[in-house]
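The values are calculated or read from the model by the stated rules, or taken from the named source; none is laboratory data. Predicted, not measured: the structure shown is a model, and the values here were computed from it. Neighbour counts are summed over all protein chains in view; Cβ atoms, including those assigned to glycine, are modelled from backbone coordinates with ideal geometry. Surface accessibility is based on the protein's heavy atoms, side chains included, excluding ligands, DNA and RNA. Shrake-Rupley method; radii C 1.70, N 1.55, O 1.52, S 1.80 Å.
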Amino acid sequence: MSSIEPLVSIICTCYNQESFIAEALRSVINQTYPAIELIVVDDKSSDSSSAVIKKLLHEYPDILFISNSKRIGLCQNFNRGLSISSGKYIVDLSGDDVLIPDRIDRQVNFFERLSNDYGVIYSNAEFVDLNGRALGFFYPIESTNKVKKRPPEGDIYLHLIETCPIATQTMLMRRATLEQLGGYDENLAYEDFDFWIRSSRNWKYAYQDEILTKIRKTSGSLSTKQYDQGDQQLLSTFEVCKKIKTLNKTEQEKTALVRRLKYEIKHATLAEKRPEAKLFIELLQEIRPLSVSDKFFNELSRSGVKTAWLRDTYLKLKN
């Protein structure tokens with residue numbers, strides 16, 4: 001690394017996280033790395049989050065604070081922070097997660113040794129409960145704290161079509177990557193799947209085998225609500241799948257998208273999200289004829305039969 005440390009912009013997005021936002025921000029303030037720009041965007045929280053942030057501002061006036069006059073959602077929040085940031089590298093931090101004290105120091109040192117075709121690095125993370133008690137790790141580890149199975153690296157576009165092998169909270173992103181994409185897609189309800197797909201088409205990913213972040217597990221997290229009635233995330237997943245169809249270049253990638261669509265059709269149908277199931281089925285039909293199982297789920301969705309209990313039972317047995 002050069003003698004002049006590259007600036008890292010940490011964009012912390014917050015909505016109703018009054019119990020955790022101070023710890024999240026202090027985990028940034030207490031980083032061992034000196035060249036950090038902290039930007040906080042509060043999405044018109046209805047609790048005391050904004051007051052907690054403002055109290056910290058008196059102590060640390062260099063923090064840049066954006067307080068929204070109305071709710072605009074995660075993707076727009078991040079882009080607002082990105083628009084006033086200056087860092088070579090960017091971190092997307094949730095208001096309830098915590099950075100290990102030397103995370104940024106370690107990540108910048110790791111990233112600076114990579115070639116310029118790497119756009120994102122990511123690492124392992126520890127799950128904690130509401131009280132900060134350890135719950136386990138994103139990737140299972142050996143006694144040495146190293147992962148049992150190394151996550152994908154390099155050109156990982158194909159992996160990302162079907163699976164979600166990355167802890168978003170651990171990523172350090174190259175600014176040039178985000179600028180090439182125009183930031184997050186503000187038409188979507190959540191950010192990571194779309195960002196992974198669009199960025200990995202043109203940029204490599206590298207995995208850093210260290211535990212550098214604590215991720216708060218809460219019952220109200222976005223990922224737990226995707227198949228709830230009224231939630232918009234599944235529609236965003238559909239929009240990303242449409243993008244994948246246009247970005248795909250190989251038969252292997254086409255097959256991976258087919259498997260992803262079949263998964264979404266099954267779960268959307270069982271969750272009784274019938275309009276979304278119809279969209280996924282129509283997209284699948286654009287790629288290949290429906291199989292017998294596809295037709296079954298299509299008819300099941302159209303029939304209006306109550307199926308949510310089947311999915312609930314499946315998830316309970318799985319967990």
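Odds and ends about this structure:
- Extension gain, R26 back to Y60 (0.36 nm per residue minus Cα-Cα distance, nm): 11.2 nm
- Radius, Kirkwood style, for region 175-301 when every pair of distinct Cα atoms is counted (Å): 16.3 Å
- Highest-fluctuation residue, L257, L114, L270 considered, GNM on the chain with Cα pairs under 10 Å: L114
- Kirkwood radius, region 229-312, all distinct C-alpha pairs, inverse of mean reciprocal distance: 13.0 Å.
- Length gained when the stretch S115-E162 is fully extended (0.36 nm per residue, less Cα-Cα span): 14.2 nm
- Residues whose amide H falls under 5 Å from that of Y118, counting only those 5 or more places apart or on a different chain, are K204, with hydrogens built in the peptide plane.
- Per the Debye calculation on the chain with a single equal scatterer at every Cα and no solvent contribution, log₁₀ I(q)/I(0) for q = 0.14, 0.15 Å⁻¹ amounts to -1.18, -1.32.
- Accessible area per residue for the chain is 48 Å², calculated with a 1.4 Å probe on protein heavy atoms, without ligands, DNA or RNA.
- Straight-line cross-link partners of K55 among the lysines, defined as a Cα under 20 Å from its Cα and at least 8 positions apart when in the same chain: K44.
- Between E37 and V8, S9, I10, the built amide H atoms are under 5 Å apart, and every one of these is 5 or more places off in sequence or on another chain.
- Helix-only [θ]222 nm of the chain, DSSP H runs n ≥ 4, -39500 (n - 2.57) each, per residue, nearest 500: -13000 deg cm²/dmol
- Candidates A125, A277, A308, ranked by Gaussian network fluctuation over the chain, Cα under 10 Å, top entry: A308
- Considering region 49-122 at the alpha-carbon level, its Rg and Dmax are found to be 14.9, 42 Å.
- Residues of region 58-86 with an amide N closer than 14 Å to a point placed 7 Å from the Cα of L7 along the Cα-to-Cβ direction: 62-64, 82-86.
- Region 12-141: radius of gyration over Cα atoms, expressed as a fraction of 2.2 N^0.38 Å: 1.09
- Under the convention that each Lys and Arg Cβ holds +1 and each Asp and Glu Cβ holds -1, the size of the dipole of region 3-114 around its Cα centre is about 280 debye.
- Protection proxy ranking, peptides 176-184, 258-266, average beta carbon neighbours within 10 Å, highest first: 258-266, 176-184
- Per-atom-type breakdown for the chain gives carbon and sulfur 51% of the accessible area (1.4 Å probe, protein chains only).
- Couplings 3J(HN,Hα) of region 294-300, computed from phi: 4, 5, 4, 5, 4, 5, 4 Hz, in residue order, whole Hz [Karplus 6.51 cos²θ - 1.76 cosθ + 1.60, θ = phi - 60°; x for Gly and Pro].
- Cross-link pairs K204/K242; K148/K243; K88/K214 - those with Cα-Cα distance over 27 Å: K148/K243
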